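Encoded as structure tokens, the structure appears first; notes follow it.
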Amino acid sequence: MRISLKPRRWLSCLAIALAALAVGCGQALVPAATDARWAALGGRLFADTRLGGDGRTGCISCHRPEHAFSDGRPLSLGVRGQTGTRNAPTLLDVGELPHLFWDGRETRLEQVVLQPMTNPVEMGLGSIDDLLRRLRADPKYAAAFADVGGVSTDAVATALAAHLRTLRSGDSAYDRYRSGNRDALSPDEQAGLALFTGKAACSDCHVLQEPRPRFTDDRFHHLGINDNAIAGKVATLIPRLDGKRNLGHLVLTEVDIAGLGHFVASRKPADLAAFRTPSLRNVALTAPYMHDGSVATLEEAVEQEVYYRGINKGRPLSMTVEERRQLLTFLKALSAAQ
């Protein structure tokens with residue numbers, strides 16, 4: 001028997017087959033990531049607050065465009081106003097990150113995007129099946145998903161991940177300066193850049209990569225933030241990690257587990273209370289700072305970074321008030337025009 005498919009349906013089936021193969025090989029879903037239909041569908045899911053367990057909470061609740069896709073809160077508020085243990089990081093350029101979440105416990109967007117759906121302090125759904133039932137019951141979603149092979153767990157993950165890969169930081173004054181426009185940065189901002197790469201040693205961790213700096217070394221570091229959350233508790237916390245399929249539920253609901261940092265993923269003692277170096281792009285828009293939102297302003301963040309940078313180098317970094325002001329001025333020049 002000969003089966004024929006219309007060209008559009010055939011292409012959709014091919015895309016799904018390639019996506020499934022990519023998942024099996026542990027690779028990014030390249031066909032979906034470059035297909036505008038997937039990204040558009042993911043954008044609808046991302047912005048839809050009806051999909052939360054209370055019908056009022058969505059991805060966009062904690063990742064708002066006006067805050068560079070963070071939320072401006074120390075700790076994010078989820079379903080029914082519940083508070084988690086993490087400051088919401090920016091999602092701009094998230095498709096370029098080798099490690100995801102503050103503790104780096106995941107590495108693939110397709111694995112990450114569904115976890116907030118069932119986290120009790122994020123979107124609070126009882127299960128992914130609950131989400132799928134809602135989507136199938138909505139005629140508009142059902143039609144949109146039919147165009148890409150139907151409603152499924154993989155399809156939702158693919159769509160959301162495709163959308164997130166479209167969230168890119170725009171060009172800043174620094175980018176224009178780097179491209180040859182010597183007037184793009186003011187004299188104070190240029191002095192701040194010299195401090196950033198020199199005396200202040202910021203670029204040791206916030207690396208200026210080629211061809212376009214992301215201002216992160218993609219590594220995990222200690223800053224002494226809330227170390228008392230795990231002091232004397234590590235031995236009793238480790239058994240609670242063992243056998244957990246979704247560490248996110250523990251991390252987002254228990255402060256002591258959250259304080260373990262990258263250790264939850266690596267189980268290496270050196271990674272206790274170590275957290276991912278965030279990008280500094282749009283840093284002026286993403287206050288408060290650090291993984292737990294405990295540093296309220298950019299000025300305070302600079303003070304703390306300078307202090308711990310001195311500890312790491314074995315000597316204090318003596319910076320004048322004027323130098324700190326210039327460094328702050330440069331950091332603010334890393335934001336794209338709104």
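Among the listed residues G261, G243, which satisfies the condition of being modelled with pLDDT under 95 and not assigned by TED's automatic domain parsing to the domain that holds L327? Full working, then the answer.
On the way: G261 fails: modelled with pLDDT under 95.
The conditions single out G243.
For every residue, the table says whether it meets (1) in the same structural domain as V306 (by TED's automatic domain parsing); (2) at pLDDT 95 or above.
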site	(1), (2)
D138	no, yes
Y141	no, yes
A144	no, yes
G150	no, yes
A157	no, yes
S179	yes, yes
D188	yes, yes
D204	yes, no
D217	yes, yes
(request) Could you please let me know if A235 is surrounded by 18 or more Cβ atoms within 10 Å (Cβ to Cβ) and either within 18 Å of the chain's Cα centre (by Cα) or not in a loop (DSSP other than H, G, I, E, B) (or both)? (result) no
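Does R214 count as of a type outside the set (G, A, S), under 27 Å from L125 (Cβ atoms) and in contact with a helix residue (DSSP H, G or I) (Cβ under 8 Å, 6 or more places away or on another chain)?
Values: of a type outside the set (G, A, S): yes; under 27 Å from L125 (Cβ atoms): no; in contact with a helix residue (DSSP H, G or I) (Cβ under 8 Å, 6 or more places away or on another chain): yes.
The answer is no for R214.
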(message) I need the full set of residues from the range 88-103 which are within 10 Å of the chain's Cα centre (by Cα) and assigned to a loop (DSSP other than H, G, I, E, B), in order please.
(response) A88, P89, T90, L91, L92, D93, L97, H99, F101, W102
(request) Test each condition in (1) of a type outside the set (S, T, N, Q); (2) in a loop (DSSP other than H, G, I, E, B); (3) surrounded by 15 or more Cβ atoms within 10 Å (Cβ to Cβ); (4) modelled with pLDDT under 95 for D256 and report the one that comes out false. (result) (2)
(request) Consider T286 carefully, then state whether it is closer than 24 Å to R212 by Cβ, touching a residue at least 24 places away in the same chain (Cβ under 8 Å), touching a strand residue (DSSP E or B) at 6+ places or on another chain (Cβ under 6 Å) and hydroxyl-bearing (S, T, Y). (result) yes
(message) Condition check: in a loop (DSSP other than H, G, I, E, B) and touching a helix residue (DSSP H, G or I) at 6+ places or on another chain (Cβ under 8 Å). Does A191 satisfy that?
(response) no
(message) Six or more apart or on different chains, Cβ atoms under 9 Å: show the pairs whose first residue is in the range 90-103 and at positive phi and buried (at least 19 other Cβ atoms within 10 Å of the Cβ) and whose second is part of a loop (DSSP other than H, G, I, E, B) and not polar (S, T, N, Q).
(response) D93/L167; D93/R168; D93/R214; D93/R281; F101/R86; F101/P89
(request) Mind listing just one residue for me: the one in the range 196-221 that is surrounded by fewer than 18 Cβ atoms within 10 Å (Cβ to Cβ) and in contact (Cβ under 8 Å) with a residue 60 or more places away in the chain and, of those, nearest to the chain's Cα centre (by Cα)? (result) D218
(message) Can you confirm whether V295 is of a type in the set (A, V, I, L, M, F, W, C), surrounded by 20 or more Cβ atoms within 10 Å (Cβ to Cβ) and modelled with pLDDT of 95 or more?
(response) yes
(message) Just checking, does the range 229-243 include any residue being touching a His at 6+ places or on another chain (Cβ under 9 Å) and of a type in the set (G, A, S)?
(response) no
(request) Output the qualifying pairs, or none if there are none: Cβ atoms under 6 angstrom, residues six or more apart or on different chains, first residue in the range 317-328 and assigned by TED's automatic domain parsing to the domain that holds V306 and touching a residue at least 24 places away in the same chain (Cβ under 8 Å), second residue surrounded by 10 or more Cβ atoms within 10 Å (Cβ to Cβ) and of a type in the set (D, E). (result) Q326/D188
(message) I'd like to verify a number: residues in the range 112-140 that are outside any helix (DSSP H, G or I) and either touching a strand residue (DSSP E or B) at 6+ places or on another chain (Cβ under 9 Å) or in contact (Cβ under 8 Å) with a residue 24 or more places away in the chain (or both), how many?
(response) 10
(request) For the range 266-273, state whether one or more residues are part of a helix (DSSP H, G or I), over 20 Å from the mean Cα position of the chain (by Cα) and under 19 Å from G192 (Cβ atoms). (result) no
(message) A143 - would you say it is surrounded by fewer than 18 Cβ atoms within 10 Å (Cβ to Cβ), assigned to a helix (DSSP H, G or I) and small (G, A, S)?
(response) yes
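Being of a type in the set (A, V, I, L, M, F, W, C) and farther than 25 Å from L114 by Cα is true for just one of A265, A200, A258. Which residue is that?
Numbers: A265 fails: farther than 25 Å from L114 by Cα; A258 fails: farther than 25 Å from L114 by Cα.
After ruling out the rest, the residue left standing is A200.
The values are calculated or read from the model by the stated rules, or taken from the named source; none is laboratory data. Computed from a prediction, not measured in an experiment: that's the story for all the values here. Positions of Cβ are backbone-derived with ideal geometry, glycine not excepted, and every protein chain shown enters the neighbour counts.
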